1. Go through the range 242-294 and name the trypsin sites (Lys or Arg not before Pro) that are in a DSSP coil and have 16 or fewer other Cβ atoms within 10 Å of their Cβ.
2. Which of the pairs LYS208/LYS240; LYS227/LYS252; LYS85/LYS107; LYS206/LYS227; LYS107/LYS227 have their Cα atoms more than 25 Å apart in this structure?
3. In vacuum, with every alpha carbon of the chain counted as one equal point scatterer, what does the Debye formula give for log10 I(q)/I(0) at q = 0.09, 0.11, 0.15 Å⁻¹? Two decimals, please.
4. What dipole magnitude, in Debye to the nearest 20, does the chain give about its Cα centre under +1 on Lys/Arg Cβ and -1 on Asp/Glu Cβ?
5. Ratio of Rg to Rh for the range 35-132, alpha carbon only, Kirkwood?
6. Taking loop as defined by DSSP and a crowding limit of 14 other beta carbons within 10 Å, which chymotrypsin sites (Phe, Trp or Tyr not before Pro) in the range 156-208 fit?
7. Taking loop as defined by DSSP and a crowding limit of 10 other beta carbons within 10 Å, which trypsin sites (Lys or Arg not before Pro) in the range 177-207 fit?
8. What number, rounded to the nearest 500 deg cm²/dmol, is the helix-based mean residue ellipticity at 222 nm of the chain, given -39500 (n - 2.57) per DSSP H run of at least four residues and division by all its residues?
Amino acid sequence: MTVAIAPEFGPRARRNEPMSRHTSWHVGGPAEVFFNPRDRSDLAAFLRTMPNDVPIHFVGLGSNLLVRDGGLPGVVISTHGTLDKLERLSQTVVYAGAGVACARVAKQCIKWGLGPAEFFAGIPGTVGGALAMNAGAFGGETWRHVTEVETIDRHGRERTRPASDYKVGYRHVESPAKDEWFLGARLTFEQKPGANEADVRALLTKRKESQPIGEWSCGSVFTNPPKDHAARLIETASLKGFRIGDASVSEKHANFIINHGEARAADIEQLIEHVQATVERVHGVRLHPEVRILGTPS
Ligand SMILES: Cc1cc2nc3c(=O)[nH]c(=O)nc-3n(C[C@H](O)[C@H](O)[C@H](O)COP(=O)(O)OP(=O)(O)OC[C@H]3O[C@@H](n4cnc5c(N)ncnc54)[C@H](O)[C@@H]3O)c2cc1C
């Protein structure tokens with residue numbers, strides 16, 4: 001079945017768009033349709049034209065996504081560069097659109113004298129992705145700041161939901177409804193006039209010392225098991241440097257998998273499975289991927 005696109009959306013909907021262009025691992029087969037809405041109402045109008053059986057995926061900056069080599073049937077909706085409103089609603093409340101880069105939230109909150117928002121600087125994704133993952137860094141976590149979210153469903157219906165509608169945990173967010181995605185969020189911070197960009201630079205420098213920043217990765221591949229660290233378990237199972245195809249476990253941080261340039265999604269997925277099986281055999285602990293794995297194998 002081919003997804004039909006109404007002519008008015010044509011220029012913004014590309015067929016067979018390689019997802020390797022939209023993921024930080026730089027792998028992934030084609031999205032059947034890749035749609036970059038002009039704005040919120042364009043997005044709602046587009047969704048209203050989609051039949052119920054067409055799979056829909058939202059993506060931000062693809063910094064936590066492994067798309068398989070066979071690609072993604074259905075429609076991929078890209079929010080970055082579109083849902084990009086970032087404004088201060090009151091002394092301590094900020095509205096951030098789902099397509100806003102987390103680093104921009106960090107930077108702007110510092111200018112507004114609000115915090116703690118510096119942790120957003122370490123997350124190379126969008127606010128939508130951070131809401132979906134409950135992204136966190138440097139001791140901060142996205143949902144600690146969320147009071148309300150705005151959502152859209154597959155029929156293009158918009159809603160405002162209180163944070164209490166969601167079950168939230170460590171890198172885990174359970175939506176009250178299927179096929180509903182984030183348009184943006186109201187985030188509450190404290191007045192913190194002391195924070196400055198030098199603080200953020202210091203945090204990022206610290207991170208650069210321990211993580212392979214700049215190489216093609218998805219950050220941490222596995223969530224940390226209770227009271228332990230996935231990186232420690234992987235390293236002590238002698239997996240640092242273990243390679244499949246052009247993908248390997250980082251020598252710098254064992255919870256990162258690096259694409260050295262030519263890896264396929266299948267190499268990375270096999271490496272993920274190999275790490276899981278080895279850590280389970282050596283330590284008796286099953287690691288769970290933090291990265292989202294989508295699509296069809298080639
Ligand atoms: C070098 C590096 C370092 C990283 N460090 C950290 C870190 O310190 N802490 C951390 O938590 N993460 C980290 N990550 C992982 C990643 O940046 C975060 O998970 C981020 O929140 C993903 O955002 P994204 O926009 O890239 O989402 P994507 O990867 O595009 O998508 C991730 C998931 O979010 C969903 N999603 C995206 N937008 C929406 C939306 N609008 N509505 C509903 N669902 C949506 C997608 O469907 C998918 O399931 C790191 C990644 C890299 C590459």
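1. Those satisfying the criteria are LYS252, ARG286.
2. LYS107/LYS227
3. At q = 0.09, 0.11, 0.15 Å⁻¹ the computed log10 ratios are -0.46, -0.69, -1.24.
4. Computed about the Cα centre, the dipole is about 420 debye.
5. 1.04
6. Those satisfying the criteria are TYR170.
7. In loop regions of the range 177-207 (DSSP not H, G, I, E or B), the sparsely surrounded trypsin sites (Lys or Arg not before Pro) are LYS178.
8. -7000 deg cm²/dmol
The values are calculated or read from the model by the stated rules, or taken from the named source; none is laboratory data. These numbers come from a predicted model, not from an experiment. Backbone-built Cβ (ideal geometry, glycine too); neighbour counts: all protein chains shown. Just so you know, the surface numbers come from the protein's heavy atoms only, side chains and all, with ligands and any DNA or RNA stripped out. Shrake-Rupley method; radii C 1.70, N 1.55, O 1.52, S 1.80 Å.
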